[in-house]
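**Q** Let me begin by handing over the structure; questions about it come next.
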2 protein chains.
Amino acid sequence: MFLSTTINGVDAKGRVSVPADFRAVVRGGPFDGIICWPSFDGPYLEGGGQALLERYQALIEEMDPYDDARVAFERAIFGAARPLAFDSNGRVTLPKEFADHAGLDTKATFVGLGSRFEIWSPERFEEHKSSAQSFARDNKRALKLPPRPGGV
Amino acid sequence: MFLSTTINGVDAKGRVSVPADFRAVVRGGPFDGIICWPSFDGPYLEGGGQALLERYQALIEEMDPYDDARVAFERAIFGAARPLAFDSNGRVTLPKEFADHAGLDTKATFVGLGSRFEIWSPERFEEHKSSAQSFARDNKRALKLPPRPGGV
DNA sequence: TGGGATAACATGGGATCAGATGGGAAACAA
DNA sequence: TTGTTTCCCATCTGATCCCATGTTATCCCA
């Protein structure tokens, strides 16, 4: 599971270290790296392992072949996604379009979201974080844990 | 089940012993440690075993992928959560942001809550405890036993 | 029931290792 | 050739591991 938030540096070559915990999640998969695309929902990147893309593919294939939404999702996700391979130190090189879309300059914030993650510019993420927290606080009742006898 | 309240010391490296009873709860699980995150609801940490996070993940994955509430919860919980592994003596190292959020300096109060637990600064917990007790007294009728098939 | 022995737990410090980062050389494309 | 990309090595910092020690709770036996 992708967890926690990490800020890593982006060097002059556009390289950024993927947090070691994130690398551990995709380790052993078919592709030694991550798959990223610019979010169509905001100025950040989305990413995950190859398994994530395969799950999205399964979701999309349940839609009608010429459903407008299907075509839009296909273009926005599969059309925009690129595999980013790890170098021997666990870094990836961000394509310039990706860095531009997310406003990544010298620092990048990796945000783990369970089955996937996001990459933000640290400044932009700070702005969004507080609103996400207050939204979560106001809506916490929507997240009900079913009681399990015995706990844990 | 996480039970009872324990105060343990936090050393100069930010390490704190997890109460032995709490360690026994997560022993045998997939990850030898606990998973904690700063509560979005107050100046304390929430935590549990990996099983707890997986229950949250299952809940969240029932929501649509780009539902605003889903993304807010993902960022507030998974984005903030970190796995804290036990060292050979059953201690974990608190990340600095965590200690800051909860105001943990030299002592930490572990509060067992059944399926999860909280970590407080002892002073803040004392203040909170009295108000929590009066809140519980005022709302005691909200604690309902679910009907159990077959009676008892 | 009291006291001593023993084991479990909590704590402190030092050494070692992994991760993040910067720079340069080699391979490749224009 | 020139610029770009990929690969590899060096370094630094911080986290993790390991050993030593004190303290408390538990157990056993007198």
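The values are calculated or read from the model by the stated rules, or taken from the named source; none is laboratory data. Predicted, not measured: the structure shown is a model, and the values here were computed from it. For neighbour counting, all protein chains shown are included, and Cβ atoms are generated from backbone atoms with ideal geometry for every residue, glycine included. Only protein heavy atoms, including side chains, enter the accessible area calculation; ligands, DNA and RNA are left aside. Shrake-Rupley method; radii C 1.70, N 1.55, O 1.52, S 1.80 Å.
**Q** Work out the mean other chain Cβ neighbour count within 10 Å for the residues of B:113-120 and drop it here as an integer.
**A** Per-residue shielding by partner chains comes out at 2.
**Q** For the range B:51-119, what are the per-bin percents of Cα-Cα distances with bins 5 Å wide, up to the bin holding the maximum?
**A** Spelled out bin by bin, the range B:51-119 gives 3, 12, 18, 22, 19, 13, 8, 3, 1 percent.
**Q** Take every residue in peptide A:127-136, count the Cβ atoms of other chains within 10 Å of its Cβ, and give the average of those counts.
**A** Shielding by partners across A:127-136 averages 5.
**Q** Then there is this: Assuming a viscosity of 0.692 mPa s and a temperature of 37 °C, what translational diffusion coefficient in µm² per second does Stokes-Einstein assign to the range A:5-142, Rh being the Kirkwood radius over Cα pairs?
**A** Approximately 206 µm²/s, per Stokes-Einstein.
**Q** Another question, if that's okay. Placing the label point 7 Å from Cα along the Cα-to-Cβ direction, what are the distances from B:Thr93 to the equivalent spots in the other copies, shortest first, in nm to one decimal?
**A** Output for B:Thr93: 3.3 nm, nearest copy listed first.
**Q** Find how many whole Å separate the alpha carbon centroid of the range A:50-120 from the alpha carbon centroid of the range B:16-60.
**A** 29
**Q** Which residue, chosen from A:Ala99, A:Ala24, A:Pro83, occupies the Cα position most advanced towards the positive end of the dipole of the range A:5-142, where the dipole is computed from +1 (Lys, Arg) and -1 (Asp, Glu) charges on Cβ about the Cα centre?
**A** A:Ala24
**Q** If each label sits 7 angstrom from Cα along the C-beta direction, how far apart, in nm, is A:Gln57 from its counterparts in the other copies?
**A** Its label point is 2.1 nm from the equivalent points in the other copies.
**Q** Note the distances from A:Ala24 to each other copy's matching label point, with points 7 Å along the Cα-to-beta-carbon direction, in nm, sorted shortest first.
**A** Inter-copy label distances (nm, one decimal, shortest first): 2.7.
**Q** Could you work out [θ]222 nm for chain A from helices alone, using -39500 (n - 2.57) per DSSP H run of at least four and dividing by all its residues? Round to the nearest 500 deg cm²/dmol.
**A** Mean residue ellipticity, 222 nm, calculated: -9000 deg cm²/dmol.
**Q** Considering only the other residues whose Cβ falls under 13 Å of the Cβ of B:Ser88, what net charge follows from Lys and Arg at +1 and Asp and Glu at -1?
**A** Once positives and negatives cancel, what remains is +1.
**Q** State, in square angstrom and to the nearest 100, the accessible area buried between chains A and B, both chains counted, probe radius 1.4 Å.
**A** When A and B are taken together, about 3000 Å² of accessible area is lost.
**Q** Still on this structure, I have one more. Let me spell out the model: positive unit charges on the Cβ of Lys and Arg, negative unit charges on the Cβ of Asp and Glu, origin at the Cα centre of chain B. What dipole size does that give, in debye rounded to 20?
**A** Dipole of chain B, to the nearest 20 debye: 600 debye.
**Q** Could you work out the local net charge near B:Gly47, counting Lys and Arg as +1, Asp and Glu as -1, over the other residues with Cβ closer than 9 Å to its Cβ?
**A** -1
**Q** Report the charge-dipole magnitude of the protein assembly as shown in Debye, nearest 20, computed about the Cα centre from +1 at each Lys and Arg Cβ and -1 at each Asp and Glu Cβ.
**A** Roughly 1220 debye for the protein assembly as shown.
**Q** Starting from a Cα-only point model with no solvent, please compute log10 I(q)/I(0) by Debye for the protein assembly as shown at q = 0.10, 0.11, 0.15 1/Å.
**A** Those come out to -0.63, -0.76, -1.28, one per q.
**Q** Between their Cα atoms, which of A:Lys140/B:Lys96; A:Lys140/B:Lys107; B:Lys96/B:Lys140 are more than 32 Å away from each other?
**A** B:Lys96/B:Lys140
**Q** Something else now. Please find, in a Gaussian network model of chain A (springs between Cα atoms separated by less than 10 Å), the residue of A:Pro95, A:Pro38, A:Pro122 whose mean-square fluctuation is greatest.
**A** A:Pro95
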